[in-house]
Amino acid sequence: DLATALNNRGHIKYLRVEFAAAMEDYTAAIECQPGFEVPYYNRGLVLYRLGCFDEAMKDFRKVLELNPQFEDAALSLKQAIIDKEEKEKRGY
């Protein structure tokens, strides 16, 4: 379906380190199918890599709301919380 295709295209862009373009595709996939947790997770990963921890945590929490068994999202959320705290301690 369209949401899966957009998510997959976003993943290709993510692998090419085309983060802005990947996030556009992930967001389009979410708009197309709001209950599809994978593009939220993938967009959260991009946001995490960009150091946008609050936005990443929001996406990871949405994944867990949609699918509480999504273990990678739970781990990513925990890591984002830790990294945000570390960033704040360093004063960045």
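For the chain, please list each of the helices (runs of 4 or more DSSP H) lying entirely inside it that holds at least 1 residues being basic (K, R). Result: 2-15, 37-49, 53-66, 71-90.
The rows are residues; the columns are (1) surrounded by fewer than 16 Cβ atoms within 10 Å (Cβ to Cβ); (2) closer than 18 Å to K13 by Cβ; (3) touching a residue at least 24 places away in the same chain (Cβ under 8 Å).
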site: C32; (1), (2), (3): no, yes, yes
site: Y41; (1), (2), (3): no, yes, yes
site: G51; (1), (2), (3): yes, no, yes
site: L64; (1), (2), (3): no, no, no
site: E71; (1), (2), (3): yes, no, no
site: A74; (1), (2), (3): yes, no, no
site: K78; (1), (2), (3): yes, no, no
site: I81; (1), (2), (3): yes, no, yes
site: K87; (1), (2), (3): yes, no, yes
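Readers should treat all values here as calculations from the given coordinates under stated rules, not as data from a laboratory. All values derive from a computational prediction rather than experimental measurement. FYI the Cβ positions are ideal-geometry reconstructions off the backbone, even for glycines, and counts take in every protein chain you see.
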